[in-house]
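Only the coordinates and a few stated rules stand behind these numbers; no lab work does. Worth saying up front: this structure is predicted, and the values here are computed from it rather than measured. Neighbour counts run over all protein chains shown; Cβ positions are idealised from the backbone, glycine included.
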Amino acid sequence: MDDAGNGHAPGLGRLLAEELARWPVGAAGVVVLDGDGVLASAGDPGPFPWASVTKLLTALAVLSAADEGVVDLDEPAGPPGATVRHLLSHASGLSLEGEKVMAQPGRRRIYSNRGIELAAEHLERRTGRPFDEELAERVLGPLGVAGTRLRGSPAHGAHGPVRDLARLGRELLEPRRFPAALLRTATRTSFEGLAGVLPGFGRQDPNDWGLGFEIRGRKAPHWTSPDNAPTTFGHFGQSGSFLWVDPEHALACAAAGDTPFGPWAAEAWPRLATTVLAAAPPRPHPAGGDAR
């Protein structure tokens, strides 16, 4: 994927390659796209572990089932008083791992891998099928991400190429396979006003989250750029992966690599996002104006 001159914005491709060259990693790849497709890419195509970006896939599988009436987002699931909606939005009160309850549902934003796993297990009970089969049928197949597989936890077990991650970003930017209303529900804040810790970036008040999707809001510090719109949504993973979608700028950016998240990423990723937002060509508005 080391094709910095590809896509519709070759100048952007060169900038991506320059940014990647500054990252202290063995291998990494990045793709920038708009609703029409890839604008530019650079680096190693992977595959790489997606880590917690997997949560976006899992959330879409559960939401697809909810859209069909197989599950109800407001039915009980997880600890007492919690629902599927609480689990997907990290508002169930569960701790990061295990089933220790740290707060009453809907009171605090406590990031929980176990909560996402319980949402997947809830879907399994409703359908009587393994979650990886549900994921393949409901999400991976429709997206056409043939190189991506779930290896382990629905909270952090996906592995796949960067371009598959970008394909997910394009769908989230301009839905073609999933109902737009479903994605709007997923990418709007659930349980507004909850404070909590954003892993790697400290306490945020509020710490906005949708259903599986982190919402940028006014968080600072953050792994996207200060220039990203507050409506920007996505996720990052401790493996060194991320996907952000900025609907106001009509852009998405996906990256993954072989080096875990750390201080280097907290500095490099916002810088990359700032570069992308400044260099990507404006997308014409349907009425003839500038969408951004």
Checklist line | Using a Förster distance of 25 Å, the FRET efficiency for D227-E18 (Cβ separation, nearest 0.05) | finding: 0.85
Margin query: If amide hydrogens are placed 1.01 Å from N in the peptide plane, which non-local residues have theirs closer than 5 Å to the one on A158?
Written below: W50, A51, T54, R151
Next item on the list: Quick one: which residues, 5+ away or cross-chain, put their amide H under 5 Å from the amide H of N207? H built at 1.01 Å from N.
Entry: L194, A195, G196
Checklist line | Calculated from backbone phi, Karplus (6.51, -1.76, 1.60) coupling profile of the range 264-271 in Hz, x at Gly/Pro | finding: 4, 6, 4, 8, 6, 5, x, 5
Notebook entry, point to check: In deg cm²/dmol, rounded to 500, what helix-only [θ] at 222 nm does the chain give when every DSSP H run of at least 4 residues adds -39500 (n - 2.57) and the total is split over its residues?
Noted result: -9000 deg cm²/dmol
Margin query: Can you sort V245, V32, V38 from fewest to most other Cβ atoms within 10 Å of each residue's own Cβ?
Written below: V38, V245, V32
Checklist line | Against the rule of thumb 2.2 N^0.38 Å, how large the Cα Rg of the range 1-118 comes out | finding: 1.45
Item checked: For the range 141-175 and the range 32-93, distance of Cα centres in Å -> 10 Å
Margin query: For the chain, take the longest principal axis of its alpha carbons; what is the angle in degrees between that and the long axis of helix 113-127, to the nearest 10 within 0 to 90?
Written below: 70 degrees
Check: Tell me, what HN-Hα J-couplings in whole Hz come from the Karplus equation 6.51 cos²θ - 1.76 cosθ + 1.60 at θ = phi - 60° for each residue of the range 183-200, using x for Gly and Pro?
Finding: 5, 4, 4, 5, 9, 10, 4, 9, 6, 4, x, 7, 8, x, 9, 8, x, x
Checklist line | C-alpha long axis of helix 162-173 to longest principal axis of the chain, angle in ° | finding: 70 degrees
Next item on the list: Go through the range 94-102 residue by residue and turn each phi into a ³J(HN,Hα) via Karplus (6.51, -1.76, 1.60, θ = phi - 60°); whole Hz please, and just put x for glycine and proline.
Entry: 6, 6, 3, 10, x, 10, 6, 8, 9
Note to self: Would the range 10-279 count as rounded, prolate or oblate if I go by the C-alpha gyration tensor, calling it rounded below 1.5 in a/c and otherwise prolate when a/b exceeds b/c, oblate otherwise?
What the structure shows: prolate
Note to self: Suppose we take every Cα in the range 166-277 and form the convex hull; what volume per residue is that in Å³?
What the structure shows: 93 Å³
Next item on the list: Return the long-range amide H neighbours of A40 (sequence gap of 5 or more, or a different chain), with a cut-off of under 5 Å between placed amide H atoms.
Entry: H8, V32
Checklist line | Residue exposure sequence - D227, D36 - by fewest surrounding Cβ within 10 Å | finding: D36, D227
Notebook entry, point to check: If each residue's Cβ is checked for other Cβ atoms within 10 Å, how do F131, F233 rank with the fewest at the top?
Noted result: F131, F233
Notebook entry, point to check: What's the FRET efficiency of T259 with A180 using the Cβ-Cβ distance as r and R₀ = 41 Å, to the nearest 0.05?
Noted result: 0.70
Check: In nm, to one decimal, how far is the E68 label point from the E133 one, both placed 7 Å along Cα→Cβ?
Finding: 1.2 nm
Check: Mind checking the angle between helix 54-67 and the chain's longest principal axis? C-alpha axes, 0 to 90 degrees, to the nearest 10.
Finding: 60 degrees
